[in-house]
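Working notes, structure below.
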Amino acid sequence: MGFGRSYGRESGFLGKKFSGISCARIWEALDNNSASSTIAFVTDVGNDLGYEQPVDEIIAWVETCVARLKQHGADVVLTDLPLGVLTAMSEAKFYLLRSVLFPSCKLSWREMLDRATGLSGRLKELAKTQNVSIFTVPNAWYGFDPIHPRSRFMRNYWRELFAVMASDNSITPGRQLSLRSYWRLRTLTTPGLGRKVPEGQFSSRQLLLADGSSIALY
């Protein structure tokens, strides 16, 4: 549940700035990664629709990311757009959420739905051509927010994603994040664009969880 990061252009939210994922420093970290295996979830592709990016351009960015991941032998899962939820949403609700989440967006309800349908189809094509899996989140997991599944379904969400990779047996359900850890994670931020990051420092912020795992932002 991030801040609507784009796959190829600069984006921002409440003063925070993010480079596009396809040009973020995570790729340098991956090049220097010594892990024996990598699982990658390529999610939230629909964010770029809110920035009025053409479907062809979005797919090109995502395809670049998938190709780079596969060069490192990563097992990749794409997540599809929640078309069932989007098509069931009223126009009034669309314009309300557009004004809050993507205030600069001028696309009409019909234009957005047409682009979302086209993007979903292209993602399925990409999954076939790149021989990667694609996961569709059940409609029932969404509430008023048509973009993020409800918090009570997030554990199911991650369990299902790992199950797609036949890795579910390696996941041991743990306790939920404490409220303190949750908000620490939500408020982590990368440095503003243009700020020089020291050589070899690929992540600007890292959170160590109680179970020993860590989460890094790039």
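The values are calculated or read from the model by the stated rules, or taken from the named source; none is laboratory data. Because the structure is a prediction, the values reported are computed rather than measured. Counting neighbours? That spans all protein chains shown, and the Cβs are built from the backbone with ideal geometry, glycine included. Heads up: the accessible areas ignore ligands, DNA and RNA and are worked out on the full protein's heavy atoms, side chains in. Shrake-Rupley method; radii C 1.70, N 1.55, O 1.52, S 1.80 Å.
Cβ neighbours within 10 Å, averaged per peptide: list 127-134, 55-62 in order, most packed at the top.
55-62, 127-134
Using modelled backbone amide H atoms (1.01 Å from N, in-plane), which distant-in-sequence or interchain residues come within less than 5 Å of Gly143's amide H?
Residues meeting the amide H criterion: Arg150.
Between Ala88 and Gln130, what length in nm is gained on full extension when 0.36 nm per residue of separation is reduced by their alpha carbon distance?
Once the chain is fully extended between Ala88 and Gln130, it gains 12.1 nm.
In whole percent, how big is the carbon plus sulfur part of the accessible area of the range 1-85, probe 1.4 Å, protein atoms only?
47 percent
Please list, in order along the range 92-107, the HN-Hα scalar couplings obtained from phi with the Karplus expression 6.51 cos²θ - 1.76 cosθ + 1.60 (θ = phi - 60°), rounded to whole Hz, x for Gly and Pro.
Running phi through 6.51 cos²θ - 1.76 cosθ + 1.60 with θ = phi - 60° gives 4, 5, 4, 5, 5, 5, 4, 5, 8, 7, 9, x, 8, 6, 10, 5 Hz.
Per residue of the range 19-35, in order, report the coupling 6.51 cos²θ - 1.76 cosθ + 1.60 (Karplus, θ = phi - 60°) as ³J(HN,Hα) in whole Hz, putting x for Gly and Pro.
Going residue by residue, I get 6, x, 4, 5, 10, 7, 7, 4, 5, 5, 4, 5, 4, 9, 7, 9, 4 Hz, with x marking Gly and Pro.
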